[in-house]
Each structure stands twice: as C-alpha cells, then as structure tokens.
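Take a look at the structure set out below.
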C-alpha cells in the first residue's frame, strides 16, 4: 500500500463530493505518475486555498486512460472508495496541531514557515507512510467526531457560463498594497531571471531576454554566451512579436518557443499575467508552456489572479489551463540539479503548480 497526494481546489472538491466521490480524474500531464497506482493504494486529499485535508480515498481498480474526446484533458481516471469524505467546513486545516506537529515536512518548523507546500504542489506525489498514516488517522477521527472550521471568504468561488461550458473563476478580495507579504528586492528577481536563462542554456536551448534587461542579466549570467540570442526567429505579426519580445525569459528550440517565463516582483503581480493573457488573445492556438515565477509568499496571489474571470473566459482554453506557477525556490532547486545538460525541459513539470487542478 502506498500513499499519494490528490490535490483539489475548493470548487473541484465540492463537485467531487456532489458527484458521489467514486472516480478521481487527473490531468493528462500525470499519466506517467498514475501508472504507479494500484488497487488498495490511498489518496490523501488536500484542498488548496483552504489549506485543508479533506478526504481519504482508496483506489479500487487500475488506472484508466480515457480518450481526449470523451474526457478532455482530465482523462486519467481512478475508481475509488471514500474512507473519509468531509465537507469543506469539517476538513482539517493544515495549521492544526494534530497535523502540523506530526507531519515530517512541517513538525520541525514554526507555523510561520513559508515553504511547507513543496510536497503539495501537484497530484500523485508519493507521501511518506508515516505522514500518510497521520493524515488518515486524523481524518478518521474527524469523520467520527467532526469539529467545525469556518470557511474563509477568500475561498469563495463563482461559476460563470462560457461559450460552450461552465467556467469556475476566482474573484479576489480587495487587498492592501502588499497584502501583508514581504516583497523581495528587485535584485532577487533579476537573479531568478538570470538563473532561468542559465538553466535553459545548460539544457542546450536558446534563450531570449528582453533588450532592456539584457545587460543586467548578462552581469549575472552563468550559461553559454552563444545561447543568448539577439533576435527572435519567429514568423508572427508585429503586434504579437512586440508582446513576445517583452516576456522576461523565453526558451527556444529551433524556431519554436518551448517555455515562457514572467518573473514577478511587483506588488500587483499583474504585468506578467497580463502579458501572458495578451499573448493568448493574439495567438489562441499557440502551444507554449507559460509560467509565472514569484516568491512563495506571493503564491496564493498568483494562483488567484490567474483565475480571474477575464482570464478564465479566454477561448479555446483559459489562462489557468495554460499557465502555471513556479516559486523562486523551485527555480533554485532546478538550477542545482546535477547533469542539467542531459535533462530536457520537461523536468519543470515536477516543480510547477497548475492554477487549474
């Protein structure tokens, strides 16, 4: 028996409960990880934004990979038996002593520690048996003797009707200028921009940096000099090209863009997200992996903003389906990996956090 993460947003969790909780659907990006799951394995279910443990699900059959025509992108299906399936107001907050003080990745840290989310970035991450048993035990206790934990307003969501589908959106609360989160120095964001450029270079990809940033990034540069290109080899209209040229870091292979990164350090964090949205509006069928890179303290803000209504209604796929979050720490971890020269850019898939679960 093994334990795996199953990550929900508040809205997808409520939909799962209302549907009876018998089938878990994972994004097609998790096909490789899903093949490890066997009958009898357990999913410990964590709800983002609410930061709560909500359910324990036992896999009852083999993984089924459905066709995109029948299930869309969430076509990795696992039949499950819910051992515990709590309403959100009964789900156990991560900061409760019975959880925080017992999990191996939190118990040695104060509750002000910001980087505890690393094991909870995505679905189907293997959880240590000790941690899985803690979560399973506490969920069983909560199921038998539920304690009420009020759901904060920031978790509230809305459902709007798109052209041919219902779309879940997040309407962020009004906030003060920096919503209480300390902001890094601009210098740090420049170092992250340079680190992304260096990683791309070491992976033998071509790298684009906007002309206005190029001199400062070169001062931090650790890659091959000929990796940094002076002109984009792309055939788009002038408006699209001007938009692309402003993106903080691009990784290219041949004449195609593999990944685009916006490194956010400003209070509002809007500029990079807007640029990504502009790009999709100009080229809706463009197949590029998009990333917003920001400090861990800004993680929730980034994920909320990506799911604003204006971005969720982009056709044919919302920004949340196309753009993921990468923390500064994740970039540093990637840069420290041995043998980067022999890895492909797909290694980022293990570190990114999707806005749409």
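Numerical summary
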quantity: Equivalent ellipsoid dimensions for the range 186-354 as semi-axes, Å, which come from the Cα gyration tensor, largest first; calculated: 23, 19, 15
quantity: Cα-based equivalent ellipsoid of the chain: semi-axis lengths in Å, sorted from largest, via gyration tensor; calculated: 35, 22, 21
quantity: Exposure proxy order (Cβ contacts within 10 Å, fewest to most) of 13, 328; calculated: 328, 13
quantity: Approximate spin-label separation residue 204-residue 107, in nm, with each point projected 7 Å along Cα-to-Cβ; calculated: 4.5 nm
quantity: The range 261-323-the range 47-77 distance, computed between alpha-carbon centres (Å); calculated: 24 Å
quantity: Beta bridge orientation in the chain: antiparallel %, DSSP, nearest 5; calculated: 65 percent
quantity: Rg/Rh ratio calculated on Cα atoms of the range 1-90 (Kirkwood radius); calculated: 0.94
quantity: Per-q log10 I(q)/I(0), the range 3-156, q = 0.10, 0.12 Å⁻¹ (Debye; single scatterer per alpha-carbon; no solvent); calculated: -0.33, -0.49
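FYI, it's all coordinate maths here, none of it is from the lab. Not measured: the values here are computed from a predicted model. Neighbour counts are summed over all protein chains in view; Cβ atoms, including those assigned to glycine, are modelled from backbone coordinates with ideal geometry.
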